[in-house]
1. I'm checking my understanding of the structure. Among residues of the stretch 182-195 that are more than 11 Å from the chain's Cα centre (by Cα) and among the small types (G, A, S), which one is surrounded by the most Cβ atoms within 10 Å (Cβ to Cβ)?
2. Filter the stretch 15-48 down to the residues that are in a helix (DSSP H, G or I) and of a type in the set (K, R), then identify the one that is nearest to T74 (Cα to Cα).
3. What is the residue count in the stretch 69-89 for residues that are over 22 Å from the mean Cα position of the chain (by Cα) and not charged (D, E, K, R)?
4. Picking from D255, D177, which residue would you name as being farther than 30 Å from A134 by Cβ and touching a Ser or Thr at 6+ places or on another chain (Cβ under 9 Å)?
5. Considering only residues of the stretch 276-294 that are among the hydrophobic types (A, V, I, L, M, F, W, C) and part of a loop (DSSP other than H, G, I, E, B), which is surrounded by the fewest Cβ atoms within 10 Å (Cβ to Cβ)?
6. Filter the stretch 144-180 down to the residues that are within 13 Å of the ligand (Cβ to nearest atom) and part of a strand (DSSP E or B) and list them by number.
7. Counting only residues that are more than 24 Å from the chain's Cα centre (by Cα) and part of a strand (DSSP E or B), which one in the stretch 229-275 is farthest from G211 (Cα to Cα)?
8. Please go through the stretch 88-130 and pick out each residue that is within 15 Å of the ligand (Cβ to nearest atom) and assigned to a helix (DSSP H, G or I).
Amino acid sequence: MRILVTGANGQVGWELSRSLLPLGEVIALDRTQADLSKPESLVPIVRTLKPQIIVNAAAYTAVDRAESEEELATLVNARSVEVLAEESHRLGALLIHYSTDYVFDGSKASPYSEDDTVNPLNAYGRSKLMGEQAIRNIGGDWLIFRTSWVYAERGKNFVKTILRLAAEREELKIVGDQTGSPTSAPFIADATSHILRLAIEERRSTRFNSGIFHLTSSGFTTWHGLATAIVATYRKLAWEDSLKVKEIHSIQTSDYPVAAKRPMNSRMSLTRIQERFDLYLPEWEQCLSVCLRELV
Ligand SMILES: NC(=O)c1ccc[n+]([C@@H]2O[C@H](COP(=O)([O-])OP(=O)(O)OC[C@H]3O[C@@H](n4cnc5c(N)ncnc54)[C@H](OP(=O)(O)O)[C@@H]3O)[C@@H](O)[C@H]2O)c1
């Protein structure tokens, strides 16, 4: 089994290079080896490597910058995804792709299911939605996992930013009116590996169906709730308190102006993935604690 992973240096891509190893020969390519801003360049790469599975973890993820670089975001998150889907279909391979809670507008009062109406509020969300639609239109065997609020020990993310700010400042002001599920990249990668094992079996016995699934930790919080938990958990785990922070204030989205509009409700239902793949989805606090154990 040969597995091609793109975005090898990203939070999820890095973890996939580890978690997929028991499944077969993993060829993990970073941006210098597979550049999704040059869609045509992906064709000879896939045709030469002839993978049975393609896992696309590369993405343009700079949500605010995407507002002024929508063309580039679309090239990476949609046009290249279309090329990967075409090449995967042509080879008879299985394509795994990640999408985002930002395909929703957040106006629903309860968690979003996979079939709920999409209506992205920002350029990043639009580009990711176009990627989803390209895969659906091309067909073949594919799975799309929509995830949210991703963090890891490695890379740029909210958890590491809060730890840095909490070490520098006595007070923090964090948005407290957006709700979602923080999700760790190692967990996404491990879950992908477990799902792939089942998907490979399903394909062998021609029982496989393509589809979109929500894949996050269980439970929900706000960015303020997450920041508070990061600081409290870090303090519990660390030998000495290197953090300066004394107060974490909850502020409104409108008090923190950024270029891209975000959904107020990013909560996503996990029923479909649990039922199809018999997966246990741990509470977000548990995965956060595992990550912070590495960071203390
Ligand atoms: N991060 C989140 O909060 C979040 C939330 C919801 C969904 N997702 C989705 O989850 C998936 C994994 O995201 P992540 O958190 O692992 O993101 P990430 O840490 O930002 O990693 C993205 C990777 O894509 C690479 N990349 C960017 N432009 C590229 C290009 N033109 N060609 C090739 N590679 C390129 C980056 O390369 P460099 O390392 O060279 O920059 C980086 O390694 C993505 O599909 C993302 O849309 C993420």
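The values are calculated or read from the model by the stated rules, or taken from the named source; none is laboratory data. Bear in mind that the values here come from a model prediction, so they are computed numbers and not experimental data. Using ideal geometry, Cβ is built from the backbone for each residue, glycine included, and neighbour counts are taken over all protein chains shown.
1. A191
2. Per the criteria, the residue is R47.
3. 1
4. It is D177.
5. First, the residues of the stretch 276-294 that are among the hydrophobic types (A, V, I, L, M, F, W, C): 277, 279, 281, 284, 287-288, 290-292.
Add one more test, that the residue is part of a loop (DSSP other than H, G, I, E, B), and what stays is 279, 281.
Numbers: L279: 15, L281: 19.
Looking at the filtered set, the residue picked out is L279.
6. Residues satisfying the conditions are I144, F145, R146, T147, V150, Y151, G180.
7. E247
8. Matches in the stretch 88-130: D101, Y102, V103, A123, Y124, G125, R126, S127, K128, L129, M130.
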